[in-house]
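The values are calculated or read from the model by the stated rules, or taken from the named source; none is laboratory data. In this text, all values refer to a predicted model and were calculated from it rather than measured experimentally. Note: ideal-geometry Cβ built from the backbone for every residue, glycine included; neighbour counts use all protein chains shown.
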Amino acid sequence: MDSANWGSQKLGATALKISVAAPRDQAAITQLIKQAEYVHGNADWSISADWWQQQGAFIATRDNKLQAFIAATCDPAPVAWLRTLVIGMSEPAYAMRKLLPPVLVGMREAGARLLACLSPYAWLDAGLAKHGFRVATVIEEMVRDSAEIPPDTKINVLIRQAGSADIAPIIALDKKAFIDPIWWLSASQLGRAAEEAFSFTVAENAGKIVGYQLSLQESPAHAHIVRLSVDPTAQG
């Protein structure tokens, strides 16, 4: 963990050192994830191999022992996401204060205009708020208990299974349906999502994709619609 040093600051008698993370740190990071009290992993389809591609992954060490890890990627631009944050020390706010500045610099260099985080924890909310993060979206979860299929509404569309050839038009559709680029997916992420999908279908009208859905099976009796997008001209 002797990569480029982003500086250190005294905390009591011991300095916290921030360095660029590298693949050689993977084993120590994995162990930290298992042991740390403060662990955040974003709900997306990024993988650890993505962490090392941009200047968005950093480790915090004290006395050569790993204390915290952060990773963000800009995929796709112009939005970067905080993918992982793991803090094994008792001062999460202090660790975030040291880790976030170099991440912001790295993501800006990668083409990001915004750093987003899907936060489910009070400790993470508090730490992000101190660095100027604001609530942009409140997510609501809706549940349908019945498995009964709704009646056919005679909409003139063809529903079919999606394939790899549909990835590009789906990405283009997302950019029209989701005005906020926070919710755009890259081709690599959508491809990974498709590999894990329980159901991945598109709606076609006159040979043009006008909508799609991607669902995961959470248990034998439960599924989760994780993506649902319709071309604005076909909504309503």
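One line per residue, one yes/no per condition, for (1) under 20 Å from residue 96 (Cβ atoms); (2) in contact with a Cys (Cβ under 8 Å, 6 or more places away or on another chain); (3) among the aliphatic types (A, V, I, L, M):
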site: 32; (1), (2), (3): yes, no, yes
site: 39; (1), (2), (3): yes, no, yes
site: 42; (1), (2), (3): yes, yes, no
site: 47; (1), (2), (3): no, no, yes
site: 52; (1), (2), (3): no, no, no
site: 58; (1), (2), (3): yes, no, no
site: 67; (1), (2), (3): yes, no, no
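Residues checked against (1) in contact with a strand residue (DSSP E or B) (Cβ under 6 Å, 6 or more places away or on another chain); (2) not polar (S, T, N, Q):
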| position | (1), (2) |
| --- | --- |
| 46 | yes, no |
| 60 | yes, yes |
| 70 | yes, yes |
| 100 | no, yes |
| 111 | no, yes |
| 124 | yes, yes |
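I'd like the full set of residues that are in contact with a Phe, Trp or Tyr (Cβ under 7 Å, 6 or more places away or on another chain), assigned to a strand (DSSP E or B) and either of a type outside the set (Phe, Trp, Tyr) or free of Cβ contacts under 8 Å to residues at least 60 places away in the same chain (or both), limited to the stretch 15-46.
Across the stretch 15-46, the qualifying residues are 18, 19, 20, 40.
Go over the candidates 191, 211, 207 one by one and state the one that is touching a residue at least 40 places away in the same chain (Cβ under 8 Å) and closer than 19 Å to residue 160 by Cβ.
211 is the lone residue from the list that is touching a residue at least 40 places away in the same chain (Cβ under 8 Å) and closer than 19 Å to residue 160 by Cβ.
Restrict the check to the stretch 141-155 and report whether at least one residue is outside any strand (DSSP E or B), under 22 Å from residue 41 (Cβ atoms) and outside the structural domain of residue 39 (by TED's automatic domain parsing).
yes
Among the numbered conditions (1) surrounded by 13 or more Cβ atoms within 10 Å (Cβ to Cβ); (2) at pLDDT 95 or above; (3) more than 28 Å from residue 226 (Cβ to Cβ), tell me where residue 6 comes up short.
In the conditions (1) surrounded by 13 or more Cβ atoms within 10 Å (Cβ to Cβ); (2) at pLDDT 95 or above; (3) more than 28 Å from residue 226 (Cβ to Cβ), residue 6 misses (2) alone.
Only one residue in 111, 106 is over 16 Å from residue 19 (Cβ atoms) and touching a residue at least 24 places away in the same chain (Cβ under 8 Å), so which one is that?
Among 111, 106, only 111 is over 16 Å from residue 19 (Cβ atoms) and touching a residue at least 24 places away in the same chain (Cβ under 8 Å).
Looking only at the stretch 51-93, count how many residues are acidic (Asp, Glu) and surrounded by fewer than 19 Cβ atoms within 10 Å (Cβ to Cβ). Step through it out loud before you land on a result.
Of the stretch 51-93, the ones acidic (Asp, Glu) are 63, 75, 91.
Still in the list and also surrounded by fewer than 19 Cβ atoms within 10 Å (Cβ to Cβ): 63, 91.
Number of matching residues: 2.
Of the residues 162, 177, 168, 172, only one is assigned by TED's automatic domain parsing to the domain that holds residue 221, under 22 Å from residue 217 (Cα atoms) and modelled with pLDDT of 95 or more; which?
One residue alone meets the criteria, 162.
How about the stretch 158-236: which strands (runs of 3 or more DSSP E) wholly inside it have at least 1 residues that are buried (at least 18 other Cβ atoms within 10 Å of the Cβ) and not basic (Lys, Arg)?
Those strands (runs of 3 or more DSSP E) span 199-205, 208-219, 222-230.
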